[in-house]
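What follows is a single structure, written as structure tokens, with notes after it.
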Amino acid sequence: MLDDTHETKLRALLEALIDQRAARVLVPPHQAAPGFWFGGGNLIKGRDGTLWLAGRYRDAGDSTRGLEAGVRGRELAVFQSKDGGTTFEKVHGWPKASLRCAGNEVLSIEGAALHLSATGEYELFVSTEKQSEYPPKVREYQKPGTGVWSIDRMAGDSIQNLDPHAIAPVFTAKPAPEYLHVKDPVVFDAAEGDTVLVFCTHPFAWTSSNSAYAVRPKASDAFELRSWEMVSRGPAWDVAGTRITNRMPVPRAGVFAGLPPVSIYFYDGLECVRQLDQNPRGVKRPRGYSCEELGGALWGLDEAFPSMTRLSTLAPLFVSPYGTGCSRYVDTLVDETGIFATWQQGQDDGSQPLVGHKLTMDEVARILS
């Protein structure tokens with residue numbers, strides 16, 4: 001069990017890593033205007049040291065009225081960097097029409113995750129909203145022009161050979177209306193060789209969100225559901241949702257050198273999914289309604305997964321100093337050189353580019369010492 005010293009060190013590490021003002025734009029959205037984003041993906045290191053970045057372009061739209069108000073999630077993209085993350089070059093761009101799966105038209109795209117498996121295969125998981133009806137018992141809740149979210153996968157022996165024509169379904173929750181929409185995959189390897197898939201769920205009424213997980217056992221091709229609710233929703237600012245976006249192994253340095261492996265789990269939270277009017281004479285809070293806009297973190301011993309402890313109980317840890325304060329979809333890449341973090345960051349113009357910031361391993365060791 002970690003004590004107060006360990007938690008203090010973790011908070012210091014996260015504050016230095018998710019440095020909102022030091023972050024630089026890695027991938028801008030299509031327009032510098034409200035409703036235009038890039039992000040919701042992750043960063044991995046390939047077999048030859050190339051950095052690969054996945055994400056989706058989101059253009060203006062309105063989830064409350066369907067797609068009549070705009071295009072929304074329009075393109076899944078993959079970028080490469082051969083200079084350690086200084087610059088990124090786009091190598092794949094798949095519009096939503098090309099991600100059709102099992103005969104279902106894709107209406108929108110959200111979170112994606114690249115994964116390099118133990119067998120050397122590159123996998124790309126993507127969540128899409130497909131044209132599909134809600135189950136009969138909750139069909140009246142479906143808004144015109146909307147569908148159901150699910151997770152699909154494509155794979156290849158290289159990033160260049162990823163082919164959406166071979167995309168196949170991975171996970172859907174349609175028989176369970178209380179977890180009807182599944183999206184925003186996070187994929188990592190467990191110590192015993194299993195593959196863990198963490199994903200976000202929303203009920204038929206879009207009143208909350210939470211994180212679930214499934215496991216693909218070693219030597220198996222299928223994911224098996226382990227829990228629809230792997231972590232409880234928060235008690236305060238994140239009472240309406242906890243969407244895990246990344247698992248970050250804590251470097252075994254400083255006060256963590258002699259401990260069993262510990263991981264940080266970044267998540268996006270929200271206080272309310274409806275417009276939340278604030279008392280003008282009360283404490284002004286950053287935006288925490290409508291969708292998962294603000295960032296928090298949990299920690300857990302790897303051997304005790306999925307047991308986790310919240311580091312951000314009373315308030316979010318990550319808030320942009322610009323625009324609405326939105327700071328979400330944190331992802332990290334830890335290697336021998338340091339920790340590279342990326343996230344979507346709200347801007348004064350209303351857009352949300354993907355930004356990034358890196359700490360060297362010497363800086364990490366100093367913070368944790």
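The values are calculated or read from the model by the stated rules, or taken from the named source; none is laboratory data. Because the structure is a prediction, the values reported are computed rather than measured. All Cβ positions, glycine included, derive from the backbone under ideal geometry; neighbour counts span all protein chains shown.
Ile18 passes every criterion in (1) surrounded by 18 or more Cβ atoms within 10 Å (Cβ to Cβ); (2) among the aliphatic types (A, V, I, L, M); (3) modelled with pLDDT under 95 apart from (3). Being farther than 22 Å from Ser227 by Cβ and surrounded by 17 or more Cβ atoms within 10 Å (Cβ to Cβ) is a property that holds for Leu317. For segment 314-342: of the residues being more than 19 Å from His115 (Cβ to Cβ) and in contact with a Lys or Arg (Cβ under 7 Å, 6 or more places away or on another chain), which is modelled with the lowest pLDDT? My answer is Thr324.
Residue under question is Trp237, and the condition is that it be surrounded by fewer than 18 Cβ atoms within 10 Å (Cβ to Cβ) and aromatic (Phe, Trp, Tyr); does it hold? Considered against the rule, which asks whether it is surrounded by fewer than 18 Cβ atoms within 10 Å (Cβ to Cβ) and aromatic (Phe, Trp, Tyr), Trp237 comes out as no. Within segment 128-178, restricting attention to residues that are among the small types (Gly, Ala, Ser) and part of a loop (DSSP other than H, G, I, E, B), the residue that is modelled with the lowest pLDDT is Ala173.
The strands (runs of 3 or more DSSP E) located wholly in segment 186-247 that include 2 or more residues which are among the aliphatic types (A, V, I, L, M) occupy 195-202, 210-216. Selection over segment 80-125 of residues that are part of a strand (DSSP E or B) and either of a type in the set (Asp, Glu) or out of contact with any Asp or Glu (no Cβ under 6 Å at 6 or more places or on another chain) (or both) gives a count of 18.
Somewhere in segment 90-110, is a residue in contact (Cβ under 8 Å) with a residue 24 or more places away in the chain and within 18 Å of Ala205 (Cβ to Cβ)? Looking through segment 90-110, none of the residues is in contact (Cβ under 8 Å) with a residue 24 or more places away in the chain and within 18 Å of Ala205 (Cβ to Cβ). None of Lys143, Lys96 is charged (D, E, K, R) and either buried (at least 21 other Cβ atoms within 10 Å of the Cβ) or in contact with a Pro (Cβ under 7 Å, 6 or more places away or on another chain) (or both) except Lys96.
Going through (1) among the charged types (D, E, K, R); (2) outside any loop (DSSP other than H, G, I, E, B); (3) not assigned by TED's automatic domain parsing to the domain that holds Phe340 one by one, Glu7 falls short only on (3). Among the residues of segment 92-105, just one is among the aliphatic types (A, V, I, L, M) and at pLDDT 95 or above, namely Leu99.
For first residues located in segment 18-39 and closer than 30 Å to Glu363 by Cα, partners that are crowded, with 21+ Cβ neighbours inside 10 Å and among the charged types (D, E, K, R) and lie 6+ apart or on another chain with Cβ distances below 9 Å form the pairs Phe38/Arg56; Phe38/Arg58; Gly39/Arg56; Gly39/Arg58; Gly39/Arg328; Gly39/Asp331.
Might you check whether a residue that is of a type in the set (A, V, I, L, M, F, W, C) and either assigned by TED's automatic domain parsing to the domain that holds Leu124 or not in a loop (DSSP other than H, G, I, E, B) (or both) occurs anywhere in segment 275-293? Within segment 275-293, not a single residue is of a type in the set (A, V, I, L, M, F, W, C) and either assigned by TED's automatic domain parsing to the domain that holds Leu124 or not in a loop (DSSP other than H, G, I, E, B) (or both).
Restricting segment 25-56 to residues that are assigned to a strand (DSSP E or B), of a type outside the set (Gly, Ala, Ser) and in contact with an Asp or Glu (Cβ under 7 Å, 6 or more places away or on another chain), the residue that is farthest from Phe340 (Cα to Cα) is Arg56. For segment 266-306, a residue qualifies if it is small (Gly, Ala, Ser) and either crowded, with 23+ Cβ neighbours inside 10 Å or at pLDDT 80 or above (or both), and the qualifying residues are Gly269, Gly282, Gly288, Gly295, Gly296, Ala297, Gly300, Ala304.
Residue pairs whose Cβ atoms lie under 8 Å apart, separated by 6 or more positions or on different chains, with the first residue in segment 308-326 and on the phi > 0 side of the Ramachandran plot and the second part of a loop (DSSP other than H, G, I, E, B) and among the acidic types (Asp, Glu), are Gly323/Asp348; Gly323/Asp349; Gly325/Glu293. Restricted to segment 109-127, and to residues there that are modelled with pLDDT under 95 and hydroxyl-bearing (Ser, Thr, Tyr), the residue that is surrounded by the fewest Cβ atoms within 10 Å (Cβ to Cβ) is Thr119.
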